[in-house]
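Beneath this line is the structure, given in structure tokens, with notes to follow.
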Amino acid sequence: TSNNDSCTPETPSTFLFAYSNDLDSKSVKNSLDDIVMKLDYQQSKYKYLANIRFDTKKEEEITFSTDTKSFTASVTNNLPDPSLGFADDSTGSDVLNVIQNFLTNSQSPICGSIIFILLQRNPDDINISEIVSQLQFQHVFVRTVFMENLLGSSDSLVMYNISSKSNGLGVFTDEDSFDQVGSIRLVKYLFFGSGKNYFQSVDFSTNIILNEYLLYASNPIVSGQGQIELPLLTTPDYFSRTISVFVDITVQNHALSDDFHFLNLTLIDTDASSQSLVIDMNRIENFNGYYNTDIFLKRNLDFEVYLTYNYNSIEYQAVEIRMLIDQALPNWPPYNSTPYWISGSLLAVFIIISIVLCIKTCEMNQDHSGELDLSGLSKREQQRQKLLAALDPDAASEKFKKQGGVVIATNLDRAVKNSFLDKFKKRCNDEEKIELGNVEYDEKDNEQYDFGEEHDKFEPVKSKIRSKTKSVD
């Protein structure tokens, strides 16, 4: 993907707040208050603000502002109005038009901007390659909060893929069990709009306003249980000694299901220090598939990143990992350019190769002496070939090492006492030469041979053999 070299992560940009007309006004107003509070909290790089209400019968235009007061007034005057919405719940959203119109606007900076979307209706169009390409070129991050009971198309992956591939984020809210109780649902509505989990999702996913610089992004595809190594994480050398990093993680590309068990994200730096983030749905209250936390990282270090995962399904699961900081960075983080189906195919190939290697390893450990073709060999040579091919039942493979072209025992134990000793005594007293090729006896290794007091009469022979390294022809 090509990049717009005309801007850097520090270049002033725009924060666009886009919300569906299908939402209730309370939800949008609460989201607005949360966004404005963070914009007013600190001076950020978002010098321009923009807002738009979409999913209306008559398409509306984006409104641009340069201060939070005008921004607040514009949203407040354009809250959702059911009379302006689509008559049919099956009609697809026009959210893609919103993104396209922003990418071609001439009233505010585009590169490095944030598009924050509250989505209640899925779009019909599934051809997103051009939009994704433009977003990546301009380094525009799309963060989408998916509401419950989405209208329009049944395919939520359209906006999820746009969000994920732009190094943004796709967050799914879920329906709290208390929402089924009328009085409790009313209390939650009065305080949180559509629900507590929804408000938390909006609150945490807009923390990119406070931590506007993206340090790390990865979109791994996993299946079942296992561990994968993710791209390296590098911290710049101009950081203070340590820096606070805000971490965003989503565990699935749809509303949370029972397939998810846990994730463990481990960071290991060049000083061999490590820290882990464990996401266990059984230990997190009201977990809806979105996790966030703060960690501290040292400056000027490379971190190996590992993801351990456990899903109760062999279906592919999409994970999003984002790390954000409040200190400016010199470069944009790379995009995950490998399509999902390629990543999945590579994972399947890796599993198949592992199984084949396991089978081959088991076959190599089996005794194949009975499969030898000994026809045409002398009786002595046949015995020699069988001896070399047969496994020693009294000695494990880890007790031997290969040296000088032959295998020398380094831990004889019962193998020496039962079988090897008899052969050794016979060969020591046998004057007839046996053709074994060039064999070097290593004095250091042979010093650990101990045949017990009952074999002291062989010591002169053994000592003579040890006296120097020699070849036996």
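Quick notes on this structure:
- Amide hydrogen neighbours beyond the local backbone of S65, cut-off 5 Å, H modeled: L49, A50
- Under-5 Å amide H pairs with G226, H placed in peptide plane, nonlocal only: Y309
- Segment Q43-T104, extension gain: residue separation times 0.36 nm, minus the distance between their alpha carbons: 19.3 nm
- Violating pairs (Cα-Cα greater than 27 angstrom) within the set K29/K58; K26/K58; K26/K165; K47/K298: K26/K165; K47/K298
- Residues whose amide H lies under 5 Å from that of G152, counting only those 5 or more places away or on a different chain, are S90, T91, N122; hydrogens are built 1.01 Å from N in the peptide plane.
- Rounded to the nearest 0.05, the FRET efficiency derived from the C-beta distance between D88 and E130 at R0 = 25 Å is 0.40.
- Residues Q275 and N97, FRET efficiency given R0 of 51 Å [Cβ-Cβ distance, rounded to 0.05]: 0.75
- Mean sequence separation of contacting Cα pairs (under 8 Å, at least six apart), scaled by the length of region 212-335, corresponds to a relative contact order of 52 percent.
Quick note: the coordinates plus some simple rules give every number you see, no bench work behind them. What you see is a predicted model, and the numbers here were worked out from it, not measured in a lab. Every residue, glycine as well, gets a Cβ built from its backbone with ideal geometry; the counts of neighbours run over all protein chains shown.
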